[in-house]
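Student: Starting off with a structure, shown below.
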Amino acid sequence: MKFLGSKTIETERLVLKAQTMDEQHYLWSVLMLPEVNRYYLTVPKKLREKLKDWDKQKEFYASDMLKANDKDVFRWSVFLKDTGECIGRVSCQEAKNDGYEISNPSYRGVGWYIDPKHKGHGYGKEAAFAMMDYMFDECEIDVILTGAAVINKSSWSIMEKYGFERQDKTKMVEYTFLDEPVEDYQYVLTKEMYYAKKNSKVK
Ligand SMILES: CC(C)(COP(=O)(O)OP(=O)(O)OC[C@H]1O[C@@H](n2cnc3c(N)ncnc32)[C@H](O)[C@@H]1OP(=O)(O)O)[C@@H](O)C(=O)NCCC(=O)NCCS
C-alpha cells in the first residue's frame, strides 16, 4: 500500500482534513455521549473513568496530534463545507483480528462517528465513502475488515451500501461503556470486490 497520510478530501458537502488540536475538545465531548460511544468504543473498560475526564485526555490527544500529519496515519476530522463546522471523525487504522493487530498494513479497519445533532443527513455515509474510495484508489489497500453491532443499523447500512460482504458468523464484542458483550456483524471488502462493484456502476 501507499502511505499517503490523511490528505484533504472534498465531497459534495464535506471536507475531511487531518486532525488538529483545535477541534479535539469538541470531538471528545461528542465521543463521550452514550449514543455515540456505546457501539463504537472498544478500549478496555478499566479506562472508562479516565476517558470521561478531559484534563486527563487532553495530554493523550495532544500527543496524538503530533502524529496527525504522518504518512502512516489515516484519520480525519469531518467539516461541513458551508459553515466550516466540525461534525465528526472518520478513520482507517490497521486491521485487528480477534483483538490482535494483523501485521499486514494493507489490511485495514474503519471507524466513524458523527455528532448526533447532525445525524440522518447522509453525512456519515458521504464521509465514510470518500475515505474508503481514497484508501482503495490512492493508497491501494488490499482489504477492509470491520464490524458493527447488529443493533447499529445506521453504521452497518453504510458498510452494506458500500459493498461489504456480511460474514455468516457474528462476534460478541466488549464495548467500553456497556457492561454486557454485544453481537456484531462482521464485514469484509477486498479490493477485487471494490473494483468489481465500481466497474459495474461505470458500465
Ligand atoms: C453511524 C453514523 C456515523 C451514521 O452517521 P449518519 O450521518 O447519521 O448516517 P447517514 O445519514 O449517512 O445514514 C447512513 C445510513 O443509515 C440509515 N440510518 C440513519 N439513521 C438511522 C437510524 N436511526 N436507524 C436506522 N438506520 C438509520 C440511513 O437511512 C442510511 O442508510 P440508507 O443510505 O440506506 O438510507 C452515526 O449514526 C454515528 O455516529 N453513530 C455512533 C457512532 C457509531 O456507532 N459508529 C460506528 C461504529 S461501527
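Student: Rounded, prolate or oblate: which fits the stretch 97-199 when a ≥ b ≥ c are the square roots of the eigenvalues of the alpha-carbon gyration tensor, with rounded for a/c under 1.5 and prolate only if a/b beats b/c?
Tutor: Because a/c hits 1.5 or more and a/b fails to exceed b/c, the stretch 97-199 counts as oblate.
Student: For a Förster distance of 45 Å, can you work out the FRET efficiency between the beta-carbons of Glu12 and Glu180, rounded to the nearest 0.05?
Tutor: Step by step, r from the Cβ atoms, then E = 0.70.
Student: With a cut-off of 8 Å between alpha carbons and a minimum separation of six or more residues, what is the relative contact order of the stretch 9-143 in percent?
Tutor: 27 percent
Student: Tell me which of Ala149, Gly88, Met172 sits at the most positive position along the dipole axis of the stretch 75-203, charges placed on C-beta atoms (Lys, Arg +1; Asp, Glu -1).
Tutor: Value computed over the given set: Gly88.
Student: How are the Cα pair distances of the chain distributed, in percent, across 5 Å bins from 0?
Tutor: 1, 7, 15, 19, 22, 19, 12, 4, 1, 0, 0
Student: Moving to a separate point now. Could you derive backbone 3J(HN,Hα) for the stretch 178-188 from the dihedral phi with the Karplus parameters 6.51, -1.76 and 1.60 (θ = phi - 60°), listing whole Hz in sequence and x where the residue is Gly or Pro?
Tutor: Result, rounded to whole Hz: 10, 6, 9, x, 10, 7, 10, 6, 10, 10, 9.
Student: Please work out whether the stretch 18-59 counts as rounded, prolate or oblate from its C-alpha gyration tensor, where a ≥ b ≥ c are the square roots of the eigenvalues and a/c under 1.5 means rounded, while otherwise a/b larger than b/c means prolate and anything else oblate?
Tutor: oblate
Student: Pick from Ile114, Ile141, Ile102 the residue whose mean-square fluctuation is largest in a GNM of the chain, springs joining Cα atoms under 10 Å.
Tutor: Result: Ile102 has the largest fluctuation of those listed.
Student: Considering only DSSP states other than H, G, I, E and B, which GluC sites (Glu not before Pro) in the stretch 1-74 qualify as loop sites with at most 12 other Cβ atoms within 10 Å?
Tutor: Glu12
Student: In the stretch 9-143, what percent of the accessible surface is made up of carbon and sulfur (1.4 Å probe, ligands and nucleic acids excluded)?
Tutor: 49 percent
Student: Give the total of Lys-Lys pairs in the stretch 9-143 with Cα-Cα distances below 18 Å; include a pair only if its members are 8 or more places apart or on different chains.
Tutor: 12
Student: About its Cα centre, what dipole magnitude does the chain give when the only charges are +1 on Lys and Arg Cβ and -1 on Asp and Glu Cβ, stated in debye to the nearest 20?
Tutor: With Lys and Arg at +1 and Asp and Glu at -1, about 280 debye.
Student: Rolling a 1.4 Å sphere over the protein heavy atoms, what is the accessible area per residue of the stretch 1-126, to the nearest Å²?
Tutor: It amounts to 57 Å² per residue over the stretch 1-126.
Student: While we're here: For the chain, what does -39500 (n - 2.57) per DSSP helix run (n ≥ 4), summed and divided by total residues, give at 222 nm, in deg cm²/dmol to the nearest 500?
Tutor: That calculation yields -9000 deg cm²/dmol at 222 nm.
The values are calculated or read from the model by the stated rules, or taken from the named source; none is laboratory data. Here the structure is a predicted model, which is why all the values come from computation and not from measurement. With ideal geometry, Cβ positions are generated from the backbone for all residues, glycine too; neighbour counts draw on all protein chains shown. To get the accessible areas, we keep the full protein, side chains included, count just its heavy atoms, and leave off ligands, DNA and RNA. Shrake-Rupley method; radii C 1.70, N 1.55, O 1.52, S 1.80 Å.
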